[in-house]
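The structure appears right after this line, and notes come after that.
The values are calculated or read from the model by the stated rules, or taken from the named source; none is laboratory data. Bear in mind that the values here come from a model prediction, so they are computed numbers and not experimental data. Because the Cβ atoms are built from the backbone with ideal geometry, glycine has one as well, and the counts that use them run over all protein chains shown. Areas reflect the complete protein model, heavy atoms only, side chains present, ligands, DNA and RNA absent. Shrake-Rupley method; radii C 1.70, N 1.55, O 1.52, S 1.80 Å.
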Amino acid sequence: MEILIASAIGTLTTCGIYLMLRARTFPVILGLSLLSYAVNLFLFISGRIKLNAPPIIGSGAYTDPLPQALVLTAIVISFGMTAVLVIMALGAYLTAGHDRIDLYADKEKAIKASARIRGHESDSRAEDQP
Amino acid sequence: MSPLLILPIILPAVLAGGIILFASNALNLQRAISVLGTLALLGLAISLSQAPTQAYFLGNWPAPFGIALVLDGLSALMLLLTASLALIILIHTIRTGWDACGRHFHALYLFQLMGLNGAFLTGDAFNLFVFFEVLLIASYGLMVHGSGEARIRAGVQYVAFNLLGSTLFLFALAVIYSTTGTLNMADLAQKLPQIAANDTGLIRVAAVLLMLVFAVKAALVPLQFWLPGTYANAPGPVAALFAVMTKVGAYALIRFGTLVFPTDLPATTTLLAGLLYPAALATIAIGALGTLATRTLPRQIAFAAIGSMGTLLLTVSAFTPQATAAALYYTVHSTFAAAALFLIADVCRTRRDGLTAALYMAAAIAMAGMPPLSGFVGKLLVLDALRDDAIAWTAILLASLLTMIGFARQGSDLFWKSPSAEAPAQSKAAILLCLTALAALTIAAGPITDQLTLTAEALHQPAAYIAANHLGGPK
């Protein structure tokens, strides 16, 4: 169980960070979502892994209720933040005509690169060089 | 337990909600509510700054189980700084008509103040995260106020950077909770010295993660990349308000560095100070070089703001009462100086006349740390606190020189060489108020530093802060 959860968090974080480092808004947003899933899981198990135990003190075993409250807050906040980021990224794409996340100087080139890549998310490293 | 403590958070929240519900189409009503609300916040901040260290427990749940708000000298100082700066910027916004460029400026502004006040008052690390998010989400809205391509694209970058910071914050909090079982800051201060020896590694990781988060907020090199683009593209008054946002990072670093991870804690000892010191030196260098290298005024001010954060955090990294007092004075000074410069940059967009040039010179002198304004007093206090540190002296003095050259060149380009469009003159009342605040800081430097020394000593002896939480049980 420990290995399963630990490797799940590790995988999510790795994928999230890899996607965060992309130069376009959509992968960055996906990466942030994966990172927030990872941190939510991490927060959830910070009260230790306990199976089949209620989060109240009664008779017998109980699980720590506080991480559950914390993770609920974190989920709500990250959901709201992702929604804001999606809307802002959409606004940036619609006003600028391309969806590069860096403050790209050559606008025409960015739009062209964006049009070429649209449809298949292949590696655009060659076009990243201005 | 005074209920006054919760008002700086509740009042702007209720007013902002009221504006959205009942006044979303009446700009004058919004302005009236916003100004009255900010005036009330200023009054509250003044009355709270007289109050002794105390705590407020929401729903009367005792700490560490419930949510505690704790007021001490540092919180009161930051509340007062925020409220007075907010009022000045609000005057500028209304006089220049920035708030009419888009909807909901005043609601977002009040939510921003709620987040700032909450971050300064909370005594609980998780609620610090929550209030960080409140102030960030309001700042996202303010940042793209008035729209425009460059602004929205810079905004996306700003949001992405800060979301990553929030994720790191949660990782740090989870590690702290799993090792200590508490997130109340006073409780942490009591429990961390007694943690098991094999948990110290985890605590060190959490301390560094937390420092990274606060460094993102404080724009410490190498995490400063979001700041120039954001500040240069934000609307003028919003950039001026953001001058206090970097100070939230500095506040959190001072709070955690003195209360939760003090230098005599066996698990971390001088870990934070050791990391802060070189980063702050690099920040000073990048800030000064950026001030010299940039061509547009808003970007230049953004780099000067980065440089001032470097000086501030270099002072903080000493973690002695004298240095902390100097850092607090420099915090207040650099906030008003950066805000004044951003407001001047806003006025300069349309018209550059003689009075603006004079105000620019005064603000630039303050920012660079030349006499007679408070920048000089601030740098003097900083240098006095770091008396034995030759590297810090060299860095701060060289940076002052470079900043001064950068501002002088920018000023001559801006006011002498480029033609000024004959736009109608804009109100400069808010800039004058900022400079008045700087002058008052200079004239009253004696009593203010006495007060700040008391505050700093209390920060380094946090017994009163911890006692205010009544951790043994309700009183």
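The condition of being touching a helix residue (DSSP H, G or I) at 6+ places or on another chain (Cβ under 7 Å), over 30 Å from B:Thr93 (Cα atoms) and touching a residue at least 60 places away in the same chain (Cβ under 8 Å) does not hold for B:Thr263. For the stretch B:236-248, the criterion of being at pLDDT 90 or above and not in a helix (DSSP H, G or I) is met by at least one residue. When B:Phe415 is tested against (1) touching a Ser or Thr at 6+ places or on another chain (Cβ under 9 Å); (2) within 30 Å of B:Gln190 (Cβ to Cβ); (3) modelled with pLDDT under 90, only condition (2) is not met.
Here's the yes/no breakdown for (1) assigned to a loop (DSSP other than H, G, I, E, B); (2) open to solvent by less than 40 Å² (accessible area, probe 1.4 Å):
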| position | (1), (2) |
| --- | --- |
| B:Gln30 | no, yes |
| B:Val35 | no, no |
| B:Leu39 | no, no |
| B:Leu42 | no, yes |
| B:Ala45 | no, yes |
| B:Pro52 | yes, no |
| B:Tyr56 | no, no |
| B:Gly59 | no, no |
| B:Ala63 | yes, yes |
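Would you mind telling me which numbered condition in (1) under 12 Å from B:Asn469 (Cβ atoms); (2) touching an Asp or Glu at 6+ places or on another chain (Cβ under 8 Å) B:Leu71 fails? Of (1) under 12 Å from B:Asn469 (Cβ atoms); (2) touching an Asp or Glu at 6+ places or on another chain (Cβ under 8 Å), only one is false for B:Leu71: (2). Quick check on the stretch A:61-75: of everything there that is within 10 Å of chain B (Cβ to nearest Cβ) and assigned to a helix (DSSP H, G or I), which residue is most open to solvent (accessible area, probe 1.4 Å)? Looking at the filtered set, the residue picked out is A:Leu66.
Can you say whether B:Ala252 is modelled with pLDDT of 90 or more, of a type in the set (Gly, Ala, Ser) and buried (at least 24 other Cβ atoms within 10 Å of the Cβ), as far as the supplied structure shows? For B:Ala252, the condition - modelled with pLDDT of 90 or more, of a type in the set (Gly, Ala, Ser) and buried (at least 24 other Cβ atoms within 10 Å of the Cβ) - is not met. Annotation: of all residues in the stretch B:179-228 being among the basic types (Lys, Arg) and open to solvent by 20 Å² or more (accessible area, probe 1.4 Å), the one that is nearest to B:Val238 (Cα to Cα) is B:Arg204.
Taking (1) under 21 Å from the mean Cα position of the chain (by Cα); (2) open to solvent by less than 50 Å² (accessible area, probe 1.4 Å); (3) of a type outside the set (Lys, Arg) in turn, A:Gly47 satisfies each apart from (1). Do we have B:Pro3 as over 23 Å from the mean Cα position of the chain (by Cα), touching a residue at least 12 places away in the same chain (Cβ under 8 Å), within 30 Å of B:Lys191 (Cα to Cα) and open to solvent by 60 Å² or more (accessible area, probe 1.4 Å) here? It is true that B:Pro3 is over 23 Å from the mean Cα position of the chain (by Cα), touching a residue at least 12 places away in the same chain (Cβ under 8 Å), within 30 Å of B:Lys191 (Cα to Cα) and open to solvent by 60 Å² or more (accessible area, probe 1.4 Å).
Considering every residue within the stretch B:184-191, establish whether at least one is in contact with a Pro (Cβ under 7 Å, 6 or more places away or on another chain), within 14 Å of chain A (Cβ to nearest Cβ) and assigned to a helix (DSSP H, G or I). Yes, the stretch B:184-191 contains a residue that is in contact with a Pro (Cβ under 7 Å, 6 or more places away or on another chain), within 14 Å of chain A (Cβ to nearest Cβ) and assigned to a helix (DSSP H, G or I). Go through the stretch B:284-303 residue by residue and tally those that are open to solvent by 30 Å² or more (accessible area, probe 1.4 Å), assigned to a helix (DSSP H, G or I) and either under 19 Å from B:Thr270 (Cα atoms) or β-branched (Val, Ile, Thr) (or both). Residues meeting the conditions: 1. Residues that are of a type in the set (S, T, N, Q) and within 9 Å of chain B (Cβ to nearest Cβ) within the stretch A:14-43 comprise A:Thr25, A:Ser36, A:Asn40, listed in sequence order. Report whether or not A:Phe79 is farther than 22 Å from B:Ile137 by Cα, at pLDDT 85 or above and open to solvent by 70 Å² or more (accessible area, probe 1.4 Å). The answer is no for A:Phe79.
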